[in-house]
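The values are calculated or read from the model by the stated rules, or taken from the named source; none is laboratory data. Worth saying up front: this structure is predicted, and the values here are computed from it rather than measured. Because the Cβ atoms are built from the backbone with ideal geometry, glycine has one as well, and the counts that use them run over all protein chains shown. SASA here: full protein model, heavy atoms, side chains in, ligands and nucleic acids out. Shrake-Rupley method; radii C 1.70, N 1.55, O 1.52, S 1.80 Å.
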Amino acid sequence: MTAVGDAAVLRLPRRLRLLVLGCIGAGAAAILVTLAQVLTAPAPSPWNLPAVVAVAIVGDISLLSIRFGHSGNSETWAEAALILGVVIGGWDWFIVLAPAAVVARQLLAGRPTYKALFNGGSVATGAVVARMVYWPLSGDWSGMSTTQPIWRVAAGFVVGACAYFLWIGLLVSLAVALAQGIPASHVWRKSRRLRFVMLAGNSAAGVGAVILSETSPSTLLVLPFVFLLLYVLYNSYLSAQQERDTWRELHEATHAMNRVDHGDVIASIRLGASSLFGAEQTEVLTGVDDTLAFGLRSPALLSAAMATDGAAFIDVRRGPAPVVAELTALGLTDAMVAPMQIGGGRIGGLLIGYRGKVLFRRSRELQVFATFANHAALSLQHARLFAGMDAQRTRLSAIVDNASDGIVLLDGAGRVCSWNPAMVRMTGCEEEAAIGTSLVTALGAERDGEPLTAAWLLERLATTEHLEVAASVIARSGSRRETVLSISAVQGARESLDYVVLVARDVTAQREAEISREDFIGSVSHELRTPLTPLKGYLGVLRRPGFAPNPAQLSAIYSTMYEQAGHLERIVEDLLSVAGMQRGHFQVTLAAVDVEALVARVVEDFRTTSAREVDLAATNEDGGAICDPDRLRQVLSNLLSNADKYSPAQTPVHVALRRVGAAVEVTVRDHGPGIPDEAREVVFERFRRLGDHMTRGINGTGLGLYIARRLIEAMGGQIWVDRAADGGAVFHVTVPTGQPVSPALAAPGDRSSAYVV
């Protein structure tokens with residue numbers, strides 16, 4: 001058994017270099033020690049030494065080769081040559097001459113020097129190990145004893161041959177493993193049955209030759225025929241084993257490629273190619289440029305693979321120039337390529353390469369490689385289809401998980417199979433609790449006061465494929481959500497109902513908005529009628545022919561009509577302001593304003609129109625700010641008007657002004673019912689007013705605070721409401737003292753600028 005390889009490796013890996021040098025050194029030491037002994041011993045027959053050399057040379061001839069990449073193991077007559085060489089020349093001369101003959105033959109055959117010396121050292125050290133095992137069993141040290149029983153000598157040779165086989169096998173397996181970067185156990189297990197068969201045959205042939213030479217020398221003439229028969233048997237066994245191993249490994253490799261991940265399939269293809277063909281590099285050639293396939297980076301190799309009918313060999317000595325250039329760039333010397341076919345189409349090519357010259361078993365390996373490439377194509381296609389399905393499933397899952405509508409999947413028995421996050425938000429029922437339960441348990445919906453059951457849905461879906469149902473969903477928190485359920489049936493292969501898809505749209509906000517709009521229309525109608533009624537009445541009085549008021553009566557009538565016209569104007573302005581805000585067509589013009597003076601004027605104006613006491617508390621600090629004076633006056637007037645509406649009679653309204661950091665803050669506090677914490681943001685929405693228990697008998701459109709917030713925020717300030725310590729509500733308004741920071745700022749100036757909202 002000797003190492004086989006074409007490429008001379010100039011720089012060996014460190015561990016391999018230590019193994020080679022150690023084996024060469026140990027072999028040289030064994031030869032030198034033994035040579036010192038044979039030089040002092042009697043000279044053998046002149047014909048014995050050439051015979052030992054001839055036997056050693058014949059024993060080094062390769063019979064069968066097991067490939068690992070561009071290196072491998074060659075099976076030889078080594079054990080038979082050991083026995084015959086020792087019988088002819090003795091252990092000493094075999095240890096001296098056989099390694100030298102092996103080194104010389106391999107150097108003449110063009111083998112790299114380090115490999116020839118390594119193999120010679122393996123023979124020398126292996127012969128020493130075999131001698132140490134042979135001696136205790138046979139009772140003979142020289143190997144040429146005629147005094148020991150023939151059976152004892154034969155037993156010693158058999159065991160010595162086994163030790164020789166194991167020693168050289170271990171050294172060569174380590175060398176091949178270190179050279180190829182694979183486990184030594186993998187090299188040793190490869191075709192181990194064949195090697196043990198050859199060990200038994202070689203040992204039997206060698207021992208048989210020894211016995212025949214002692215009992216009937218004339219029968220040695222048939223020995224060449226025995227070795228020829230053994231050679232035929234070895235090849236037959238090798239062919240049968242390799243055929244069996246090939247298809248077994250092909251089955252295992254194709255089974256390993258049945259993966260759903262593209263990267264795992266590529267890794268399985270490479271592992272299978274290494275196991276089946278001893279490939280040192282395996283590449284998938286496709287028209288997709290990614291990290292796993294490099295067809296776009298090797299177009300010539302891809303074209304060569306796609307152009308073959310089954311599979312083809314390529315080497316750097318006879319291939320087309322572009323192909324050779326790409327092979328050389330990959331560091332390969334020999335390669336096989338094959339198209340990857342599915343049905344009548346080709347999805348790419350497969351390449352396996354070697355870094356040294358390789359002797360292929362041409363037709364058989366091409367056939368197996370073509371089959372392997374087609375299996376690889378099928379596995380890759382399955383992985384791509386699965387990846388596409390997985391991506392589609394991921395997209396669909398993302399759509400379902402992020403949908404604002406609740407989506408439920410029911411099976412044919414009405415049990416929940418799928419429950420998306422929107423349903424969790426709507427019902428408060430977690431997905432784990434909903435899956436597998438009934439629709440009533442999970443959804444808790446009511447239709448016309450009755451529970452909405454899966455049985456009712458399935459009954460309706462028996463006559464139609466789609467229906468919509470308005471239902472109320474009672475959440476786990478006890479809140480009620482108004483929904484519209486869109487329900488569709490999914491029919492199975494036999495027209496049976498497999499699934500029911502239920503899409504729940506939460507229309508609570510829309511219903512509340514509709515109610516708010518209806519309330520708004522009613523409020524506006526009422527608010528408009530309030531000033532119009534006295535106006536119409538006074539105009540009717542003025543039109544009466546006999547009506548002759550005195551100047552005081554006429555002045556009172558005109559004052560009332562003027563006041564009601566102002567009320568009507570404010571309502572119209574509020575409506576126009578909201579409409580402009582919705583279209584983004586209202587403007588805030590900023591300027592430097594004395595807020596303290598402006599607040600004082602607003603309070604004074606309010607005092608002239610209301611009998612309610614207003615308490616104004618202002619600091620003597622600088623009250624200058626950047627704001628729109630008209631818009632700020634509008635906001636403060638609205639807050640004072642609200643305080644007047646909601647405060648009990650004979651209670652004052654408190655207005656305070658102070659400087660807070662880079663802003664001026666104005667607060668308006670009343671003694672009314674106050675605003676609950678959960679409604680502090682609601683009151684600033686359009687058309688939103690608090691419940692009847694708080695607003696009964698109080699007029700208003702529900703737009704004032706909405707307008708106030710939009711105006712203050714447009715000026716770069718803030719508005720919010722708190723509960724007063726002694727009851728009532730406290731509204732806070734801040735406007736910046738310097739240039740405000742607002743995304744609506746159009747063009748800052750030295751003293752003023754405009755916000756367009």
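Positive contributions from Lys and Arg (+1) and negative ones from Asp and Glu (-1), summed over other residues with Cβ under 12 Å from the Cβ of ARG669, come out at -3.
Ignoring ligands, DNA and RNA, what accessible area per residue does region 412-474 give at 1.4 Å, in Å²?
50 Å²
Using a probe of 1.4 angstrom, how much of the accessible area of region 77-155 is carbon and sulfur, in percent? Answer for region 77-155 is 71 percent, counting heavy atoms of protein chains only. Computed with a 1.4 Å probe over protein heavy atoms only, the accessible area of LEU461 comes to about 10 Å². Relative to its residue count, region 400-501 spans a Cα convex hull of 94 Å³ per residue. Bridgeable aspartates and glutamates around LYS536 (alpha carbons under 15 Å apart, same-chain partners fewer than 8 residues away excluded): GLU527, GLU563. When GLU573, GLU518 are compared by accessible area of protein heavy atoms, the largest-first order is GLU518, GLU573, using a 1.4 Å probe. Pairwise Cα distances in region 320-477 exceed 25 Å in 58 percent of cases.
Heavy atoms only, 1.4 Å probe, whole protein assembly: order LYS115, LYS645, LYS536 by accessible area, highest first.
LYS536, LYS645, LYS115
Here the label points at TYR499 and ALA649, each 7 Å from Cα along the C-beta direction, are separated by 6.8 nm in the simple model. In terms of its C-alpha gyration tensor, region 579-685 has an oblate overall shape, because the principal axis ratio a/c (a ≥ b ≥ c, square roots of the eigenvalues) is not below 1.5 and a/b does not outweigh b/c.
Within the full protein context, the accessible area of HIS375 is estimated at about 70 Å² for a probe radius of 1.4 Å. On region 333-446, 57 percent of the accessible area sits on carbon and sulfur atoms, based on a 1.4 Å probe. Taking all protein chains together, ASP628, ASP615 sort by accessible area into ASP615, ASP628, largest first [probe 1.4 Å]. Estimated at the nearest 10 Å², the accessible area of TRP720 is 80 Å² with a 1.4 Å probe.
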